[in-house]
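Working notes, beginning with the structure itself.
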Amino acid sequence: MRQKYKNLFLWSVGLALLLMICAACNMPSGQRKPRLVLFVGVDVSGSFRNSPYYNDAIAFLSHYIYGHLNELGGMSRLRNLFVGSIGGTSTDEPKAFHPIHDLEDKDVTQIEEELRKWFPPEDIITDFNAFFEEVSQVTKDRNLTLAPITIIIATDGIPALGTQEEKVAYEKIDLDPLEYLSRRVTVRLTYLEPKVAKHWREDVPSRRVRIWTVAGEVMVGWRQQMEPGIDLAQQDNLWKWIKDNVNFRVRARRF
């Protein structure tokens, strides 16, 4: 009889554990989704600043950052945010990242004002490698390696060519500092010309890093999604457009 009750007790414990596991698996994905670490890069080199896309890019990033900070339209909750520029006045020039505290509790207009103030037109070289190295260092220093990482960059995507052939210049873009930085690292490049986007997808060496590109002619369409006189929290078309075109979930490359 004692053995019978013991078996019944063990069966009950096992059933309880199974129910707990099933309950955890059935939790809404929003409750289990890890918070995102977001790095924002702004290309203020002459080639991009003088393009027709620069001002639109700053305005878009202001809305993008605001949307993430306030989790609008299902945008991922942020664990941390860092904003920095791509490149400098010389190669390998380190850049400081502005932390999330500088933009919290600000509206879109204030965020845009901060971005324009932080990045005056002084940089002349687009140095992606120095930027990616800095992203890696900040992530390690802040102990953020367990969180998914997204790096969104507003840029024309053209590296400093020098005397190199065009294809070779892209092959020398170094994503190694990001390869094993986190379980999921996604680099999103916006405002590229289609030819440049093709170089990033085909010529930039990567193994685990996911690369997503959006052409400039597509990016400018974000403004058309906004309905006049409606609060940003209710701009469902805008946030859906961002989810479908910019925050698209990129699959890992297959080898």
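The values are calculated or read from the model by the stated rules, or taken from the named source; none is laboratory data. Just so it is clear, the structure is predicted and the values come from calculations on it, not from any experiment. Glycine gets a Cβ as well: all are built from the backbone with ideal geometry, and neighbour counts include every protein chain shown.
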Requested in this report: State all residues of segment 58-74 that are in contact with a strand residue (DSSP E or B) (Cβ under 9 Å, 6 or more places away or on another chain) and in contact (Cβ under 8 Å) with a residue 12 or more places away in the chain; if no residue qualifies, say none.
Outcome: I58, F60, L61, Y64, I65, H68, L69
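Condition check ((1) at pLDDT 95 or above; (2) surrounded by fewer than 15 Cβ atoms within 10 Å (Cβ to Cβ); (3) under 21 Å from F39 (Cα atoms); (4) in contact with a strand residue (DSSP E or B) (Cβ under 7 Å, 6 or more places away or on another chain)) across all residues:
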site: V209; (1), (2), (3), (4): yes, no, yes, yes
site: T213; (1), (2), (3), (4): yes, no, yes, yes
site: M219; (1), (2), (3), (4): yes, no, yes, yes
site: R223; (1), (2), (3), (4): yes, yes, no, no
site: D231; (1), (2), (3), (4): yes, yes, no, no
site: Q235; (1), (2), (3), (4): yes, no, no, no
site: W239; (1), (2), (3), (4): yes, no, yes, no
site: I242; (1), (2), (3), (4): yes, no, yes, no
site: N245; (1), (2), (3), (4): yes, no, yes, yes
Query - One residue from V209, V135, V214 being of a type outside the set (K, R), within 14 Å of the chain's Cα centre (by Cα) and farther than 27 Å from V108 by Cα - result: V209
Query - Lone unmet requirement of (1) touching a Gly at 6+ places or on another chain (Cβ under 9 Å); (2) modelled with pLDDT under 85; (3) not polar (S, T, N, Q) for L18 - result: (1)
